[in-house]
Amino acid sequence: MNTWGRYLLLSLGLIISLHFILQFTHEDYGRATSLQNISSKLGGSKQTPNPSPVPDAYYQPAGKGNETLLVDKRANATFVILARNSDVSGTVRSVREIEDRFNKNYGYPYVFLNEEPFSEEFKSRVSVLSAAPMEFGHIPKDHWFQPDWIDEEKATKGRDQMVAENIIYGGSVSYRNMCRFNSGFFFRHPLMQKYRWYWRIEPDVHFHCNIEFDPFVYMEDHNKVYAFTITMYEYEKTIPTLWGHVRDFIKLHPEFVAKDNAMGFMSHDGGDKYNLCHFWSNFEVADMNFWRGPAYTAFFEYLDSKGGFYYERWGDAPVHSIAAAIFASKDQIQFFDEIGYEHNPYTHCPRTKEGWERGRCSCDQNKSFDYDGYSCMSKWDRFIAD
Ligand SMILES: Nc1nc2c(ncn2[C@@H]2O[C@H](COP(=O)(O)OP(=O)(O)OP(=O)(O)O)[C@@H](O)[C@H]2O)c(=O)[nH]1
Ligand SMILES: [Mg+2]
């Protein structure tokens, strides 16, 4: 072999070794270069049917044929938006979109929550957007701030380590307060007590399609407890001990584990190892009776007592998702393909052409996150098809 040939072979060898080293040491690189991700980027994703379509009878203004119309039913439901005063413009944009795409036809109320009093500016800029009832609530101190029994030295060490490892929000205490509040407290707020169902919305999200059915009514009629639009892998370094505690809890309370649950979506070995899949909780439509019930109450208290919301950086997304997967049956978890939804940087766009047209969607189906290498959607599809 001549010198050039040797150089070429050497460089190729170096590139391949570097690729494998990066795949094992950097999760994001590994996912981005996975075969599944590359094939979907090359247009390998085909139209996959919507696995759980909302029946025509739920659509307004009219269903087809002689089906009974269910559009006049209403649910005991509210939107809930946690926001800071500084989030006002993003909140206005989100409320404007959900009003235009859905709520102008339904008039469901809103509850805004904040650990600080909402400013007059926030209240007036948001209230002007809709005639639907809006309430602005203050979060009690003990629902928000780090509890006294947390070992601050240990918590500081945990945060410093995450900062050193460049973990997003790794050094933030307020982010941890927010995750713990969303995990265990929002549904206990006095303004939320009168409602059973909620739809969580964040500032600066997008609703890309007309939603001409009522997700709350559909869920109530079908005995659902939790609905999602996007599912993905969690960043393992934010929850190193979470799954161990989940396993311990299940051993202590086998009576709470639902029959026909969705554990198989999150673990491929019967619950030994967590595959990090979870529902992205910045979008949630769910039944607060589920969070307020005995299983989740005991589960949250157990997890909270371990301190991982502060010593690590447990997110409300894995906590809610794991609970839904264990304490509900798999058919109580709903994937709403019809709801085109975006929270930067990911978008779920309806899969089928009919769904996309019916919703007059503004999202690009080719850029939908569903079959991105970082998404758990193909796992969900396989899981519920079984
Ligand atoms: N009142 C209040 N709301 C907060 C605070 N931190 C976050 N939030 C809200 O909690 C929700 C989640 O916070 P985000 O900062 O969006 O967290 P994230 O979605 O994980 O991260 P991003 O990718 O930055 O959006 C949003 O509705 C925020 O407005 C806080 O300190 N106080
Ligand atoms: Mg957000």
Exactly one of Asn344, Asn289 is within 16 Å of ligand 2 (Cβ to nearest atom), touching a residue at least 12 places away in the same chain (Cβ under 8 Å) and surrounded by fewer than 19 Cβ atoms within 10 Å (Cβ to Cβ), and that one is Asn344
Among the numbered conditions (1) surrounded by fewer than 21 Cβ atoms within 10 Å (Cβ to Cβ); (2) modelled with pLDDT of 95 or more; (3) farther than 17 Å from Glu284 by Cβ, tell me where Pro350 comes up short. (1)
Residue pairs within 6 Å by beta carbon, gap of at least six or interchain, first lying in the stretch 303-323 and more than 17 Å from Trp149 (Cβ to Cβ), second more than 16 Å from ligand 2 (Cβ to nearest atom), listed first then second, are Pro318/Ile239; Ile322/Val246; Ala323/Tyr296; Ala323/Phe299
Does the stretch 344-358 hold any residues that are within 15 Å of ligand 1 (Cβ to nearest atom) and in contact with a His (Cβ under 8 Å, 6 or more places away or on another chain), and which are they? Thr347
Yes or no: Tyr296 surrounded by fewer than 23 Cβ atoms within 10 Å (Cβ to Cβ) and either on the phi < 0 side of the Ramachandran plot or not hydrophobic (A, V, I, L, M, F, W, C) (or both)? no
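Just to verify a result, which residue in the stretch 115-144, among those that are assigned to a helix (DSSP H, G or I) and exposed (fewer than 13 other Cβ atoms within 10 Å of the Cβ), is farthest from ligand 1 (Cβ to nearest atom)?
Per the stated criteria, the residue is Ser124.
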Single residue of the stretch 176-198 satisfying the filter (within 16 Å of ligand 2 (Cβ to nearest atom) and more than 16 Å from the chain's Cα centre (by Cα)) that is nearest to Ala77 (Cα to Cα): Asn177
Is there a residue in the stretch 102-112 that is away from ligand 2 (no atom under 16 Å from the Cβ), assigned to a helix (DSSP H, G or I) and crowded, with 21+ Cβ neighbours inside 10 Å? yes
Return yes when Gly65 is modelled with pLDDT under 75 and within 29 Å of Ser375 (Cα to Cα) and no when it is not. no
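Every residue, every condition in (1) over 23 Å from Phe186 (Cβ atoms); (2) basic (Lys, Arg), yes or no:
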position: Lys251; (1), (2): yes, yes
position: Leu303; (1), (2): no, no
position: Asp316; (1), (2): no, no
position: Val319; (1), (2): no, no
position: Glu338; (1), (2): yes, no
position: His343; (1), (2): no, no
position: Arg351; (1), (2): yes, yes
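Of these, Asp372, Asp337, Asp386, Asp304, which one is among the charged types (D, E, K, R), over 30 Å from Ser172 (Cβ atoms), more than 16 Å from ligand 2 (Cβ to nearest atom) and modelled with pLDDT of 95 or more?
It is Asp337.
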Quick check: anything in the stretch 361-375 within 28 Å of Thr241 (Cβ to Cβ), of a type in the set (S, T, N, Q) and assigned to a helix (DSSP H, G or I)? no
What number of residues within the stretch 99-114 are touching a strand residue (DSSP E or B) at 6+ places or on another chain (Cβ under 6 Å) and away from ligand 1 (no atom under 16 Å from the Cβ)? 3
Determine, yes or no, whether His208 is touching a residue at least 12 places away in the same chain (Cβ under 8 Å) and within 13 Å of ligand 1 (Cβ to nearest atom). no
Within the stretch 202-213, can one find any residue that is charged (D, E, K, R) and under 16 Å from Pro53 (Cβ atoms)? yes
Scope the stretch 269-289; condition in a loop (DSSP other than H, G, I, E, B) and touching a helix residue (DSSP H, G or I) at 6+ places or on another chain (Cβ under 9 Å); matching residues: Gly270, Gly271, Asp272, Lys273, Tyr274, Asn275, Leu276, Trp280, Ser281, Asn282
Exactly one condition in (1) modelled with pLDDT under 95; (2) within 12 Å of ligand 1 (Cβ to nearest atom) is not met by Val88; state its number. (1)
So which residues in the stretch 147-180 are within 13 Å of ligand 1 (Cβ to nearest atom) and touching a helix residue (DSSP H, G or I) at 6+ places or on another chain (Cβ under 6 Å), if there are any at all? Ile167, Tyr169, Gly170, Arg176, Asn177, Cys179, Arg180
Taking the residues in the stretch 315-341 that are polar (S, T, N, Q) and either within 13 Å of the chain's Cα centre (by Cα) or part of a strand (DSSP E or B) (or both) as candidates, determine which candidate is surrounded by the most Cβ atoms within 10 Å (Cβ to Cβ). Ser321
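The values are calculated or read from the model by the stated rules, or taken from the named source; none is laboratory data. Computed from a prediction, not measured in an experiment: that's the story for all the values here. Please note: Cβ atoms are built from the backbone with ideal geometry, for glycine as well, and neighbour counts cover all protein chains shown.
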